[in-house]
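A.B. asks: Mind having a look at this structure? Questions to follow.
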Amino acid sequence: MERYNPQEIEKKWQQIWEKDQTFRAAPEGKDLPKNKKTPKVFLAEMFPYPSGAGLHVGHVRNFTIVDVLTRFYTQQQTNVLRPFGYDTFGLPAENYAIKTGISPQSATETNIHNFRKQLKRLGYAIDWSREINTSNPDYYRWTQWCFLQLYKKGLAYRKESYQWWCPVDQTVLANEQVENGHCWRCGTEVEKKKMKQWFFKITDYADELLADIDQLDWPDKIKTMQRNWIGRSEGAEIDFEVVDSKDFIKVFTTRPDTIFGATFLVLAPEHPLVSKLVNDDTKQKVDQYRTETLKKSEIERQENKEKTGVFTGSYAINPGTGEKIPIWVSDYVLMGYGEGAIMAVPAHDERDFEFANKFDLPVKQVIEKPEGSTDSDECYHGEGELINSGHFNGTRTEDAREQIVAWLHEQGIGEQKVTYRMRDWLISRQRYWGCPIPIAYDEDGNEYPIPEDQLPVIIPEVEDYKPDNTGRSALAKATDWLTFEMEVEDKKTGKKVKKTLTRETDTLDGYACSSWYLWRYVSPHDDKSAWNQEAISYWAPTDIYVGADHAVAHLLYIRFWCKFFADQGLLPFREPVKTLLYNGYINAPDGKKMSKSKGNVIDPLDVIDQGYGADTLRTYEMFIGPYDMDAAWDPKSVGGVYRFLNRCWNLCFGEERNAPSRKISDATRSVTASDTPVTTGVARGVSEKEALRLRHTTIKRVTDDIHRHNFNTAVSAMMEYVNELYKTGAEKEDLVTLAKLLKPFAPHLACEMLEKLDSDDVWPVWDEKYLVADTVELVVQVNGKLRAKITVSVDDLEDQEKIEKLALAEKNVQAFTKDGIKKVIYVKKAKLLNLVA
RNA sequence: GCCCGAGUGGCGGAAUUGGUAUACGCGUUCGACUUAAAAUCGAAUGGAAUCUUCCAUAUGGGUUCAAGUCCCAUCUCGGGCACCA
């Protein structure tokens, strides 16, 4: 008998798939073979950054989930689109270029080549005719086009502001890319730097992005994170008049009901009015405070939570009480949120209370603390009845919120307001290896978008990839590229004139490139549009999207672009991803994160080359545990999965004279020793009905498990099937069924089996009538405790009286029901009888 | 601090709506084959007691005929947010 040799059969089938282009999707459902049904499924993994290190086991888990589903739906005769691409812009390639002088273009090409080779060795059912690469000019041409659409609608704009700056990577970062005050890439502590930067106005869609979360079939974890990130607060905007001035200070508060308790105002250090509020006595101190705060890193601000601040010397009028209250400056108020100014109500807000304590400012209770509240006496932040609040005394705080805003509104100094924690998306990057922003400037700094027919703005080759010392990327060194002549409309005269312009040297955040790639997949070679309308309405939105990262950033941006392009009439849907699967990480055997420095990295290609093969690797990673949980690599368990596949092989390829087939004679058949393959132990024979039941139960279990994404238990079910077949012997139909069920997980082995069995791969369907056994084991409990198991025929399940009689005939049941039976509970569905004694 | 998850054998983990806890795999032990080992095949494997019972799903309560599953409290671990007014 031939032995299971993964090396040989995997190579064989990979060559066949390559030659036949097996996994090409039928374009827009056209040219579909007649036997193919019409439904489509569009699946994708989050495309990888092709690093020089090649695939790691985490990729394999992610891609195999998509592959199992791809093959499963394909076998179910669905028209499936499963493309692949590479997210190739980014710092690693650029840093590598700075170090070695090898261009990012060429390093990327090498890495993609390597990735593609490795992906093919894993036997993935990828439609290779749709491979995309974000740094290919044919692709980024359309990224630039997307930018221009946003620009035309005023959703891409430039503004000067303080931004997170990573001093090591020499670039600004989006809020989403700063983790605990550190750069998400290199871990360096970030700084604030004032710069003129490009933004996308994602905040225009804040409301819809929040509201539509409810309808997403996404993990709750991600949905909650997105809700928190958007951070909607309802409240009011209130104007406070500055004493002896015509200025008003706008504040945002979620608690307008506490306005009578506002005993001072606090402005953020960056607030534009601060310089007008100071006087000769306070100016120096305030200026000093402002400079110090700006220098302070975010880490320092977090570590030192003790309140700091200075008095401006000015006062405002509390519109509730009419009293004069002091205006302070403190860094606990953030310029980027609300109005950058607050009314401080120390009696009912812990932060304000702390500040008031430190600087000896008045504290005024305006809510009566209800009895039994565990809050401190001095600072109660719950609901209650208003006191010291003029004619609002006695009103419940919940009601007062609206009433007080209405009252302020009548006076023209207050209104309802919704504020979001989310800020606009900062997209400028001072880097070379990114998508150039298609904008140029004249000598006065006026912006000119590059016309769409002149795209792409190609990334020029340079000698030296280091950013220059002015904070500009290496693009600034490509002088031939940097300045050019273009016919533009003169801003004053409106006439067409030729002008010498300077290109923008910032490139787009890589997340911009990945915000639309799912739509490029539907028509990757279209040179007339970013995506073809007919193709997009057939394939998109993406039905199942699988990844393990980017809970807010990428998954929020892609939703934003989807809504924007839907508004432009370019997409016929408003959410890009129907179902999101968020898979867990694979850790080293010691449970720690795999990392090169710890030397605990498992290389998937090593696992294949050790002799296990791709099928074992794939099946193991599906068997390792629930797909959405982190898991630790266990080399011993890999061996267990290999043994399982070996047993599948042996069932099918056992020598002819020893083939594991049962004699089909009558209801109960036995297999004689000479019929039994050496490798499969002693077959003990089984009735035809039991054999059918086993087969159909397994089909149901595996099918349901894949639908529920319980890949680990799907593999278990197949293992049980094989174990059973080893005992009972297998008919050809069992082997065909096994091979079909196995194909999504171990496609090479399954194809080899199907070829030998001369079968197609159409996904099997179970028949309910075969799921029922002749006899079932019925559980007899007394007071909920298992006391006996009786075997009864299925027909008898209908006859409760008979069942009770049978149960009471059991010695053990009698022993526990000596004092009589008070109540009988019979659950037919659970095959359970509970006697209450 | 606030908001989510999760705690089941020696280990990874099963248990679809409350209904036989511990499927499947690893490990361990025994047996078969073998001169021997590996591989393979078969059997056993929660703990105690010993022939049929008791105790076990982080801990303590509760609801129920029946709880890993539902409710309350506590502990531990993981994740997210973190001066967002």
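The values are calculated or read from the model by the stated rules, or taken from the named source; none is laboratory data. Just so you know, these numbers come straight off a predicted model, no measurement behind them. All Cβ positions, even for glycine, are placed from backbone atoms using ideal geometry, and neighbour counts span all protein chains on display. Accessible surface areas use protein heavy atoms only, side chains included; no ligands, DNA or RNA. Shrake-Rupley method; radii C 1.70, N 1.55, O 1.52, S 1.80 Å.
A.B. asks: So which residues in the range A:699-734 are touching a residue at least 12 places away in the same chain (Cβ under 8 Å), within 35 Å of the chain's Cα centre (by Cα), open to solvent by 20 Å² or more (accessible area, probe 1.4 Å) and within 10 Å of RNA strand B (Cβ to nearest atom), if there are any at all?
C.D. replies: A:Lys700, A:Arg701, A:Asn710, A:Asn712, A:Thr713, A:Ser716, A:Met719, A:Glu720
A.B. asks: Can you tell me which residue in the range A:486-512 is farthest from the chain's Cα centre (by Cα), limited to those that are of a type in the set (A, V, I, L, M, F, W, C) and crowded, with 23+ Cβ neighbours inside 10 Å?
C.D. replies: Per the stated criteria, the residue is A:Leu508.
A.B. asks: Still on this structure: Name, by its number, the condition in (1) more than 27 Å from the chain's Cα centre (by Cα); (2) within 15 Å of RNA strand B (Cβ to nearest atom); (3) part of a helix (DSSP H, G or I); (4) over 22 Å from A:Pro362 (Cβ atoms) that does not hold for A:His271.
C.D. replies: Result: A:His271 fails condition (3) only.
A.B. asks: Quick one: is A:Lys276 in a helix (DSSP H, G or I), open to solvent by 20 Å² or more (accessible area, probe 1.4 Å) and away from RNA strand B (no atom under 13 Å from the Cβ)?
C.D. replies: On the way: in a helix (DSSP H, G or I): yes; open to solvent by 20 Å² or more (accessible area, probe 1.4 Å): yes; away from RNA strand B (no atom under 13 Å from the Cβ): yes.
For A:Lys276, the condition - in a helix (DSSP H, G or I), open to solvent by 20 Å² or more (accessible area, probe 1.4 Å) and away from RNA strand B (no atom under 13 Å from the Cβ) - is met.
A.B. asks: Among the aromatic types (Phe, Trp, Tyr) and open to solvent by 10 Å² or more (accessible area, probe 1.4 Å): which single residue out of A:Tyr557, A:Tyr538, A:Tyr521 fits that description? Can you show your working first?
C.D. replies: Working: A:Tyr557 fails: open to solvent by 10 Å² or more (accessible area, probe 1.4 Å); A:Tyr521 fails: open to solvent by 10 Å² or more (accessible area, probe 1.4 Å).
A:Tyr538 is the lone residue from the list that is among the aromatic types (Phe, Trp, Tyr) and open to solvent by 10 Å² or more (accessible area, probe 1.4 Å).
A.B. asks: Identify, from the list A:Lys296, A:Lys324, the residue that is surrounded by fewer than 20 Cβ atoms within 10 Å (Cβ to Cβ), closer than 28 Å to A:Gln163 by Cα and either modelled with pLDDT under 90 or more than 8 Å from RNA strand B (Cβ to nearest atom) (or both).
C.D. replies: A:Lys296
A.B. asks: Got at least one residue in the range A:327-336 being more than 7 Å from RNA strand B (Cβ to nearest atom), free of Cβ contacts under 8 Å to residues at least 24 places away in the same chain and open to solvent by 10 Å² or more (accessible area, probe 1.4 Å)?
C.D. replies: no
A.B. asks: Just to be sure before I move on: is A:Trp633 in contact with a strand residue (DSSP E or B) (Cβ under 7 Å, 6 or more places away or on another chain) and either open to solvent by less than 60 Å² (accessible area, probe 1.4 Å) or within 12 Å of RNA strand B (Cβ to nearest atom) (or both) in the structure I sent?
C.D. replies: yes
A.B. asks: Going by the structure shown, is A:Gln163 open to solvent by less than 50 Å² (accessible area, probe 1.4 Å), assigned to a strand (DSSP E or B) and touching a residue at least 60 places away in the same chain (Cβ under 8 Å)?
C.D. replies: yes
A.B. asks: Looking at the range A:410-465 only, could you name the residues that are of a type in the set (Ser, Thr, Tyr) and within 16 Å of RNA strand B (Cβ to nearest atom)?
C.D. replies: A:Thr419, A:Tyr420
A.B. asks: Need the failing condition index for A:Lys769 against (1) within 14 Å of RNA strand B (Cβ to nearest atom); (2) outside any strand (DSSP E or B); (3) modelled with pLDDT of 85 or more; (4) not hydroxyl-bearing (Ser, Thr, Tyr), just the number.
C.D. replies: A:Lys769 satisfies all of (1) within 14 Å of RNA strand B (Cβ to nearest atom); (2) outside any strand (DSSP E or B); (3) modelled with pLDDT of 85 or more; (4) not hydroxyl-bearing (Ser, Thr, Tyr) except (1).
A.B. asks: Then there is this: Any residue in the range A:87-101 that is on the phi > 0 side of the Ramachandran plot, small (Gly, Ala, Ser) and open to solvent by 40 Å² or more (accessible area, probe 1.4 Å)?
C.D. replies: Start the filter on the range A:87-101 by keeping residues that are on the phi > 0 side of the Ramachandran plot, which leaves A:90, A:101.
If we keep only those that are small (Gly, Ala, Ser) too, we end up with A:90, A:101.
Then keep just the ones that are open to solvent by 40 Å² or more (accessible area, probe 1.4 Å); that gives A:101.
Yes, some residue in the range A:87-101 is on the phi > 0 side of the Ramachandran plot, small (Gly, Ala, Ser) and open to solvent by 40 Å² or more (accessible area, probe 1.4 Å).
A.B. asks: Name the pairs whose Cβ atoms lie under 7 Å apart, with the first residue in the range A:212-225 and under 11 Å from A:Arg559 (Cβ atoms) and modelled with pLDDT of 90 or more, the second more than 12 Å from RNA strand B (Cβ to nearest atom) and open to solvent by 80 Å² or more (accessible area, probe 1.4 Å), and 6 or more positions between them or separate chains?
C.D. replies: A:Asp212/A:Arg574
A.B. asks: Kindly state which helices (runs of 4 or more DSSP H) lie completely within the range A:583-655 and contain at least 3 residues that are closer than 30 Å to A:Asp734 by Cβ and aliphatic (A, V, I, L, M).
C.D. replies: A:613-623, A:635-653
A.B. asks: With (1) part of a helix (DSSP H, G or I); (2) crowded, with 19+ Cβ neighbours inside 10 Å as the list, and A:Glu755 as the residue in question, which single condition is left unmet?
C.D. replies: So the condition that A:Glu755 fails would be (2).
A.B. asks: Which one is farthest from A:Thr397 (Cα to Cα) among residues in the range A:234-260 that are within 11 Å of RNA strand B (Cβ to nearest atom) and of a type in the set (Asp, Glu)?
C.D. replies: A:Glu237
A.B. asks: Grab the helices (runs of 4 or more DSSP H) fully contained in the range A:406-520, keeping just those with 3 or more residues being in contact with a Phe, Trp or Tyr (Cβ under 8 Å, 6 or more places away or on another chain).
C.D. replies: A:510-513, A:517-520
A.B. asks: When the range A:612-630 is examined, which residues are found to be open to solvent by 10 Å² or more (accessible area, probe 1.4 Å) and either under 18 Å from A:Lys743 (Cβ atoms) or of a type outside the set (A, V, I, L, M) (or both)? Quick ask: steps written out before the conclusion?
C.D. replies: Narrowing the range A:612-630 to residues open to solvent by 10 Å² or more (accessible area, probe 1.4 Å): A:612, A:623-630.
Matches in the range A:612-630: A:Tyr612, A:Phe623, A:Gly625, A:Pro626, A:Tyr627, A:Asp628, A:Asp630.
A.B. asks: Give the range A:640-656 a look and list any residue that's near RNA strand B (Cβ under 6 Å from one of its atoms) and small (Gly, Ala, Ser), or say none.
C.D. replies: Once the filter is applied, which keeps residues that are near RNA strand B (Cβ under 6 Å from one of its atoms) and small (Gly, Ala, Ser), the range A:640-656 yields only A:Gly640.
A.B. asks: For the subset of the range A:758-778 comprising residues that are in contact with a strand residue (DSSP E or B) (Cβ under 7 Å, 6 or more places away or on another chain) and surrounded by 14 or more Cβ atoms within 10 Å (Cβ to Cβ), which member is nearest to A:Ala807 (Cα to Cα)? Please lay out each step first, then the result.
C.D. replies: So the first thing to find is which residues in the range A:758-778 are in contact with a strand residue (DSSP E or B) (Cβ under 7 Å, 6 or more places away or on another chain), and the list is A:774-778.
Checking which are surrounded by 14 or more Cβ atoms within 10 Å (Cβ to Cβ) leaves us with A:776, A:778.
On the way: A:Val776: 14, A:Leu778: 9 Å.
The extreme case among them is A:Leu778.
A.B. asks: Sticking with this one: Evaluate the range A:365-373: report whether one residue or more is assigned to a loop (DSSP other than H, G, I, E, B) and within 12 Å of RNA strand B (Cβ to nearest atom).
C.D. replies: No: zero hits.
A.B. asks: Give me the strands (runs of 3 or more DSSP E) completely within the range A:169-257, filtered to those with at least 2 residues that are in contact with a Pro (Cβ under 8 Å, 6 or more places away or on another chain), ordered by residue number.
C.D. replies: Hits in the range A:169-257: A:232-242.
A.B. asks: Has the range A:794-803 got any residue that is open to solvent by 50 Å² or more (accessible area, probe 1.4 Å), of a type in the set (A, V, I, L, M) and closer than 23 Å to A:Lys689 by Cβ?
C.D. replies: Looking through the range A:794-803, none of the residues is open to solvent by 50 Å² or more (accessible area, probe 1.4 Å), of a type in the set (A, V, I, L, M) and closer than 23 Å to A:Lys689 by Cβ.
A.B. asks: When you go through A:Leu786, A:Leu749 one by one, which is the residue that is in contact with a Pro (Cβ under 8 Å, 6 or more places away or on another chain) and either open to solvent by less than 40 Å² (accessible area, probe 1.4 Å) or near RNA strand B (Cβ under 9 Å from one of its atoms) (or both)?
C.D. replies: When all the criteria are applied, what remains is A:Leu749.
A.B. asks: Do you know which residues across the range A:373-394 are touching a residue at least 60 places away in the same chain (Cβ under 8 Å) and of a type in the set (S, T, N, Q)?
C.D. replies: A:Asn388, A:Ser389 - these are the residues of the range A:373-394 that are touching a residue at least 60 places away in the same chain (Cβ under 8 Å) and of a type in the set (S, T, N, Q).
A.B. asks: Sort through A:Glu452, A:Glu443 and tell me the only one that's over 14 Å from A:Trp198 (Cβ atoms) and touching a helix residue (DSSP H, G or I) at 6+ places or on another chain (Cβ under 8 Å). Even if it seems obvious, please write down each step before you answer.
C.D. replies: Numbers: A:Glu443 fails: touching a helix residue (DSSP H, G or I) at 6+ places or on another chain (Cβ under 8 Å).
Only one candidate passes the filter, namely A:Glu452.
A.B. asks: Does any residue in the range A:402-421 that is free of Cβ contacts under 8 Å to residues at least 12 places away in the same chain come within less than 6 Å, Cβ to Cβ, of a residue that is in a strand (DSSP E or B) and within 16 Å of RNA strand B (Cβ to nearest atom) six or more places away or on a different chain, and which pairs are these?
C.D. replies: A:His409/A:Glu415
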